[in-house]
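All remarks here apply to the structure that follows.
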Amino acid sequence: MKKPLIALAVLAAFAGNTAFADTLLSGFGGDRGFGSRVMDPNDDGSSERLALPFQINFFGNAYSDYWINNNGNISFNGPLSSFTPSLFPISQAPMIAPFWADVDTRNQTSNLPAPFTNNVYLANPDSKTLIVTWDTVGYYNQHNDKLNTFQLVLKDQSTATGHAGDFDMEFRYGQLQWTTGDASGGSGGFGGQPAVAGWNAGAATNSYSLIGSGTGNVVGLVNDTNVGTDGVWRFHVRSEELPGSAPYNPVLPGNVDDGSAGWVFENIPVGTGTPVWIDPVVATGYDYAVTSGQLINGVTLMPGVGDGRYDIWLWHDGQWQLYQAGAAGGEHIEFGQSVDRFRITGIETTAGINPDSPIAFATGLWFDGTGTSSVTQTALTAEVSPVPEPATYGMLATGLAVLGLARRRRRA
């Protein structure tokens, strides 16, 4: 009988409709175009020890080897058989997990859409790329009535950045039809303790769970993105720095704005003494609101945008009140209190910041405690004509105007 090795009680019970997305990388040979099968059909199994095509610096730990685990992740200290996921951080098992859940590939005989599906594949198309594909996989106990397909892509970026070990992580989702195995409290692929996506370096400040993780909403990863293509999520690991530690590597939103709640940054690891940088689309101003976790007690805004000056507003007695006019970008502005919402205005439309740039306008949020926080950021926009030149800060490729009031654009 299975026994949970790592577990955390969470809310669940969400059974969404089947979702598909044409996001997978292929053309690498093998049975399905995903490369070579790395293990026989199994439950809770792992590959042999494998060599990375390039060394990675995983937040201060250098790794040259790894294991592919059937349950939707790769690990670095040894094979990992844990099948019931927990929200990161956890103390054990450094891992990168596009979809950590109780994958079971043993049922190869019925209800499969094509031969050789319900397997795990590996491809190294070049010396700078690693691709692991969980292809049309079922869930414990030998169920394949619902099937998930997802990929993990690691790309060496050391040449581009000049820092050994720098790399990108991509999570690609083709279809997500189930979240939970029977031994994790699930029934029919849902309920219990659902899948977790993200990474865990073994420390609270070097781990991250994607939006929806630990809930039935995790299947929504196939329909959302942080780079403009549904089902594709990309994160940078730079010189041991977690996304959010610098304006050039901000935490990106975990949703495509639907016009109701702004941009959502969920379960951000936060602490005191340093800002956490987040980045949505660009507009003339933004409303920021903490929906859970630690409160905000200061902000650092980008320098060099327009005149580099901003007005800061705090919510007080049911209305916005001006806290500081003409605040300079690049300076740490302390509020003198902890707040759950604030507003910035004063971004000139003439700045013409590209609304599709994933690093167009980063905001440094300072928090009053250590833990995790979820934050929304809602754009204040204005209709203007396109301009020919890009904005400053050395980040933009084309100059586009912001869109109409209350309209939001997804990233490209």
Segment 325-343: number of residues that are assigned to a strand (DSSP E or B) and open to solvent by less than 60 Å² (accessible area, probe 1.4 Å): 9
Top-ranked residue in segment 63-105 [being part of a loop (DSSP other than H, G, I, E, B) and among the hydroxyl-bearing types (S, T, Y); ranked as nearest to the chain's Cα centre (by Cα)]: S86
Just give me the residues in segment 148-184 being touching a Pro at 6+ places or on another chain (Cβ under 9 Å) and farther than 15 Å from P98 by Cβ, in sequence order. D156, T180, A183, S184
When segment 143-169 is checked residue by residue, the ones that are buried (at least 16 other Cβ atoms within 10 Å of the Cβ) and at positive phi are G165
How about segment 106-125: which of its residues are open to solvent by 10 Å² or more (accessible area, probe 1.4 Å) and either without any contact (Cβ under 8 Å) to a residue 60 or more places away in the chain or part of a loop (DSSP other than H, G, I, E, B) (or both)? R106, N107, Q108, T109, S110, N111, L112, P113, A114, P115, F116
Out of (1) at pLDDT below 75; (2) not in a strand (DSSP E or B), the odd one out for N267 is which? (2)
Residue in segment 42-63 that is open to solvent by 70 Å² or more (accessible area, probe 1.4 Å), among the hydroxyl-bearing types (S, T, Y) and either modelled with pLDDT under 95 or touching a Leu at 6+ places or on another chain (Cβ under 9 Å) (or both) present: no
Got a sec? Which of T84, T117, T136, T159 is out of contact with any Ser or Thr (no Cβ under 9 Å at 6 or more places or on another chain) and β-branched (V, I, T)? T159
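In this structure, does P94 turn out to be modelled with pLDDT of 90 or more, open to solvent by 30 Å² or more (accessible area, probe 1.4 Å) and either in contact with a Ser or Thr (Cβ under 9 Å, 6 or more places away or on another chain) or not assigned by the TED database to the domain that holds I131 (or both)?
For P94, the condition - modelled with pLDDT of 90 or more, open to solvent by 30 Å² or more (accessible area, probe 1.4 Å) and either in contact with a Ser or Thr (Cβ under 9 Å, 6 or more places away or on another chain) or not assigned by the TED database to the domain that holds I131 (or both) - is not met.
The values are calculated or read from the model by the stated rules, or taken from the named source; none is laboratory data. In this text, all values refer to a predicted model and were calculated from it rather than measured experimentally. So basically every Cβ, Gly included, is an ideal-geometry build from the backbone, and we count neighbours across all protein chains shown. Just the protein is used for accessible areas: all its heavy atoms, side chains included, with ligands, DNA and RNA removed. Shrake-Rupley method; radii C 1.70, N 1.55, O 1.52, S 1.80 Å.
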